[in-house]
1. With bins 5 Å wide starting at 0, give me the P(r) of region 196-349 over every alpha carbon pair, in whole percents.
2. Under a plain spin-label model, where a point goes 7 Å from the Cα along Cα-to-Cβ, how far apart in nm are A221 and W460?
3. Could you give me D for region 50-149, from Stokes-Einstein at 4 °C and 1.567 mPa s, where the hydrodynamic radius is the Kirkwood radius over C-alpha pairs? Units µm² s⁻¹, please.
4. Please state the equivalent ellipsoid semi-axes for region 625-770: what are the square roots of 5 times the Cα gyration tensor eigenvalues, largest first, in whole Å?
5. Say each of A189 and L237 gets a label point 7 Å from the Cα, pointing the same way as Cα to Cβ; how far apart are those two points in nm?
6. Just to confirm, what accessible area per residue do you get for region 451-553 at 1.4 Å probe, in whole Å²?
7. Please report, to two decimal places, log10 I(q)/I(0) for region 459-565 at q = 0.23 Å⁻¹ as given by the Debye formula with identical point scatterers on the Cα atoms and no solvent.
8. Binning every alpha carbon pair distance of region 547-623 at 5 Å from zero, what are the percents per bin?
Amino acid sequence: MNSRVHSAVSIAVLAAIGTSLAAPAHAQAPAAAANANTSGTLEEVVVTARKREESARDVPITESVFTEQTIKSAGIESPRDYIAMVPNMTLVETQNVGNSFVTIRGISQARNSEPSVAVLVDGVLETNPYQFTQELYDIKQIEVLKGPQGALYGRDAIGGAIIINTADLSDQFEGNARVGVGNGTSERAQLAVSGPLDSSGSLKYRASVNFYNTDGYLHNAYLDRKADPNRDYSARLRLLWKSSDALSADLRFFYDRVETTAYYFVIPRANEQNPFSDVGIPPVNFPPDANDVTSPIQNNNLGSDNRDVLDVALKLDFNPGYGTITSVSNYDQTKEIDTGDAYDFRPVATSLVYSATGGTFGGPVDPNAFPFDESQAQFIRVRAWSQELRFTSPKAGNLSWIAGAYYIHTERFISTGNIIDRGVGTVPPVYETPIVDPANPFATNTNATFLADSQNNNAWALFADATYDFTPKWELDTAIRYDEDTRANTTDTPPAFLAMVGDPNAFTGQVRKQTWDEVQPKATLRFKPSDESTFYGGWSRGFRSGGFNQTGVGTVAVANGIAGVGDLFNAEVADTWEVGWKQEFLERRLNVGLSAFRTDSRNSYFFVFLAANSTQNLGNIPEVIYKGLEGELTARVTDNLTLYLNAGYTDSDITKAPDPSQTHNEAPLVSRDTIAAGVQYRQPFGGEMAGVLRLDFNSIGRTWWDPQNSTSRDPVNLLDLRLGLEADKWSLTAWSKNLTDKKYNAEFSPGGFLWRALPRRYGIDFNYKF
């Protein structure tokens, strides 16, 4: 299906929803599509989008909600699973486990950038986007808020916010265990227990652990083994102490370790025997094709990728009678070291780099011979300390309000480099210092290039939100936040390697310092003509900070004719106008909705790989306009049959580009449309037992990857299937994701790099409550 037809289908679906109801609408949540409620109505969903409990139907925010039952019924185990069900939202996972890009209503992110959405787990903000791709287990609810949410959720909520709440702590001992096996020699085990620690029940705990292991799903043709083995160990512990009705303390510990691989990119070549057959200056694949799935993964180095995440948070709530004072203190640390093959991701004998150095390959390799290939390594370490203090008023008459302050200190170190590869041995990890051999600069497993920077960042914010009810039907919500972010970047690259960059102004120990700040106002008007209906509209501003590329990047970019990339990239500011409607029909058997938006973005991010110094960089697009529609429908057709349909359309237009030839192109990483639809049928068998059949369809429309629009990926259609037996205490489920084994690329990275998406996965799970 071509992109225009695909887009037309999405618009027609949305129009049909609105026309059939004689008005625009916005569904309460796709979550209701999978609940086990047998009352014949859709469950009432309570959310905390405005930091207080409300019905999802009443909140004047475009929001998708996934309840605990939905999470289990839909098999949501990672962010990719629920994002696939949210209209105008996509996720790209690529390169290494810490790299994932959320695009929401066109607002995207890139490697080593600030995120496009704020992510909060149990009210604590994730401070590093490298933490995002985690296993989801023992989760109570997930809320996805659309549009800038910076007034309440911070400087990175430029596209929205994701609120994840883990399972509640219980008043008596209870537990849940899950085991599963699947293809790829995969295995999974989870355990969660909760209960009181004292006789009065004032001190409660919840502990959960998760283990996942697979040999992988993608084949490496050269090594004749899987390219993507993955092992994940994680654990969470929460302690809740409620000393009185006025005071409570919530202490949370989280640890996650992932062991996998990285950099198994594919760069297609028309003539595999001729390394120069598709090479331009700078090296790119000509013609680039984001749809090429014929070329195999053939890295000669399997590589490795280890990520460790540690998070400790303490939340204190004190209510002296005139409101609630909340303190949230957090420390987190993320470390990731990854190694693997480098451009052009082939065995040494047929690689472009080796061939370009004029050597021949065969027999024992002389470690002193000049011709070589390259591998690569990247190390990143981020530590952050944050503190939030806020006051939440009770509702006094028609007015309620929130005010607070936030501070965060971040320390980050990152190093990247190419390593000499002569086809012998594995790639060594490179951390703070390069591997050198003074007697032989081109010795095996020594650094050919190395760049390193460290950052010391301090940011603070003041925020306030007020809600006033003019009448029982009319409400005005206004908010404002001021963010100031000061970043100091130190060049840690040794002089010998810094000289390779070619920037005469760069020197080891150089400190670059910059401050970005912005006021983020928001105003939303809500009209409720009845308990079942909510109209809303408003304007909001979002902000995410700028930052530093590695020293000397700007000089290299100019030398290679790349516009918009310098040693510094600017902060992005986005203004969004939005209208929407939420409605319940047929005594809560049918929830429908539609929203429309326009976002004007200044200095949106785009990614550039500079092959000349093997660096990953961000540039800015001066102006982009995003316009779109999205609709959601959930229906309880019978007591046993539930349907949902979510569709979104985003039109992106680069109205001012760093290169004039890019004007009016599509913005990077934007999918023109998305469709998610599903059906769940539950058949009771008598007693406690029932059979459940669930089918989920996801379509991702045509997607562009760079400001040049050098290529686009065709629409991708995916199907998931689940079939199970359920009882009061246990369930047994057979499942498949990407049931039709659709072959496609998860990412096209500028430079011609392709990243393969996961093929069909299937397995069986057993769950038991005790």
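1. In order of increasing distance, the bins hold 2, 8, 12, 12, 11, 9, 8, 7, 7, 6, 6, 5, 4, 2, 1, 0 percent.
2. Label at A221, label at W460, 5.8 nm between them.
3. Details: Rh = 14.4 Å.
So the translational diffusion coefficient is about 90 µm²/s.
4. Semi-axes from the Cα gyration tensor: 40, 19, 10 Å.
5. 2.0 nm
6. Working: 4230 Å² over 103 residues.
For region 451-553, the solvent-accessible area averages 41 Å² per residue.
7. Each listed q maps to, in turn, -1.15.
8. Answer for region 547-623: a P(r) of 3, 14, 19, 13, 9, 8, 7, 7, 7, 6, 5, 3, 1, 0 percent.
The values are calculated or read from the model by the stated rules, or taken from the named source; none is laboratory data. What you see is a predicted model, and the numbers here were worked out from it, not measured in a lab. Reconstructed Cβ throughout: ideal geometry from the backbone, glycine too, with neighbour counts over all protein chains shown. For the accessible areas, the whole protein counts, side chains as well, though only heavy atoms, and no ligand, DNA or RNA atoms are used. Shrake-Rupley method; radii C 1.70, N 1.55, O 1.52, S 1.80 Å.
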